[in-house]
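**Student:** Structure below; questions to follow.
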């Protein structure tokens, strides 16, 4: 069993200005589960997925490839699909990937 208390969450930069990650765990195939915290206007560059990805918007609003998502919205990404993420407001996302991702821009 793995428990990560919200009150003990550690945030680290996720490679883009205004984007931070709190890692829950890595899996055996190179994926991970984490919470992504984005400030309004921050952007995660376009990337491709080697495995599936699941995204749940916990708070705020984001756009994935121009499609707006709000609190409670869920997205499933198939292997090989590409997208970027732009925070329209401050936002928190739960993200779980099956395998690694690669930036294409």
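**Student:** Quick one: what Rg and Dmax do you get for region 30-84 from the alpha carbons, in Å?
**Tutor:** 11.1, 29
**Student:** To continue, here is another question. In nm, what is the difference between 0.36 nm times the number of residues separating residue 59 and residue 11 and their Cα-Cα distance?
**Tutor:** 15.6 nm
**Student:** Still on this structure, I have one more. Measure off 7 Å from each Cα along the Cα-to-Cβ vector at residue 73 and residue 2, then give the distance between these two points in nanometres to one decimal.
**Tutor:** Taking the simple label geometry, residue 73 and residue 2 are separated by 2.8 nm.
**Student:** By counting other Cβ atoms within 10 Å of each Cβ, how are 50, 26 ranked from fewest to most?
**Tutor:** In order of increasing Cβ crowding within 10 Å: 26, 50.
**Student:** Which of these, 48, 89, 29, has the largest mean-square fluctuation under a Gaussian network model of the chain (Cα springs below 10 Å)?
**Tutor:** Maximum among the listed residues: 29.
**Student:** Consider the candidate values (1) 45; (2) 79; (3) 57; state which one is percent of Cα pairs over 18 Å apart computed from the structure displayed.
**Tutor:** Only one listed value fits the structure, namely (1).
**Student:** Sort 34-40, 68-74 by the packing proxy (mean of other Cβ within 10 Å over each peptide's residues), most packed first.
**Tutor:** Listed from highest to lowest mean packing, they are 34-40, 68-74.
**Student:** Taking 0.36 nm per intervening residue step and subtracting the Cα-Cα distance, what contour gain separates residue 24 from residue 48 on full extension?
**Tutor:** 6.5 nm
**Student:** Simple spin-label model, 7 Å along Cα-to-Cβ: residue 40 to residue 100 in nm?
**Tutor:** 3.7
Every read-out reported here was derived from the displayed coordinates using simple, explicitly stated rules and does not represent laboratory data. Everything numeric in this text was worked out from a predicted model, so none of it was measured. Reconstructed Cβ throughout: ideal geometry from the backbone, glycine too, with neighbour counts over all protein chains shown.
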